[in-house]
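A quick write-up on the structure given underneath.
The values are calculated or read from the model by the stated rules, or taken from the named source; none is laboratory data. All values reported here derive from a predicted model rather than from experimental measurement. Cβ: placed from backbone, ideal geometry, glycine included. Neighbour counts: every protein chain shown. Note: accessible area is taken over every heavy atom of the protein model, side chains too, but ligands, DNA and RNA are not part of it. Shrake-Rupley method; radii C 1.70, N 1.55, O 1.52, S 1.80 Å.
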Amino acid sequence: QVQLVESGGGLVQPGGSLTLSCAVSGNIFRIYAMGWYRQAPGKQRELVAGMISGGSTNYADSVKGRFTIFRDNAKNTVILQMNSLKPEDTAVYYCNAVIDFGDYWGQGTQVTVSS
C-alpha cells in the first residue's frame, strides 16, 4: 500500500514563502516521477512543478523563477519551495507520484495567499 502524505500548507501574505512536503511510504520498488499540482475553485487541476527520476524538472510558466521542486531521495520526499507568493497561487495543492505501475495522489493541502 502506497501513501503520499502532504504537509506545509497554510495562510501567507503576498510576497511571502511556504514550503510544501510530500512523504511517500509503502511497498515501493521505483519512483519514476513526482510532482505538485494545484486546483483553484472553479478551475481545472494544473501541473505546478514536476521532477522525473533522472532529476529533470519542469514548471508551469506562472511559477517559473518563484517555485523550486527538489527531492530528498533518502526520505522519499518531494518538496516544493514557494517564494514571492501571489494571491493567484491560492489553491489546493496535491502531491503526485508515479510509482512502479501506479499513479498516486496525496490528500491535498490548502495554500491561501491573502493580506
Checklist entry - Could you list, in sequence order, the residues of region 24-41 that are at pLDDT 95 or above and open to solvent by 30 Å² or more (accessible area, probe 1.4 Å)? => result 37, 39
Item to check | Complete set of residues in region 70-84 that are part of a strand (DSSP E or B) and either in contact with an Asp or Glu (Cβ under 7 Å, 6 or more places away or on another chain) or of a type in the set (A, V, I, L, M, F, W, C) (or both) | outcome: 70, 78, 79, 80, 82
Item to check | Hits in region 1-23 - residues which are open to solvent by less than 30 Å² (accessible area, probe 1.4 Å) and at positive phi | outcome: 10
Item to check | Residue in region 64-80 that is within 16 Å of residue 104 (Cα to Cα), open to solvent by 50 Å² or more (accessible area, probe 1.4 Å) and aliphatic (A, V, I, L, M) present | outcome: no
Item to check | Filtered residues of region 85-105 (kept if at pLDDT 95 or above, outside any strand (DSSP E or B) and open to solvent by less than 60 Å² (accessible area, probe 1.4 Å)) | outcome: 85, 89, 90
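Residues checked against (1) more than 13 Å from residue 97 (Cβ to Cβ); (2) in a loop (DSSP other than H, G, I, E, B):
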site	(1), (2)
23	no, no
28	no, yes
32	no, no
35	no, no
47	yes, no
55	yes, yes
68	yes, no
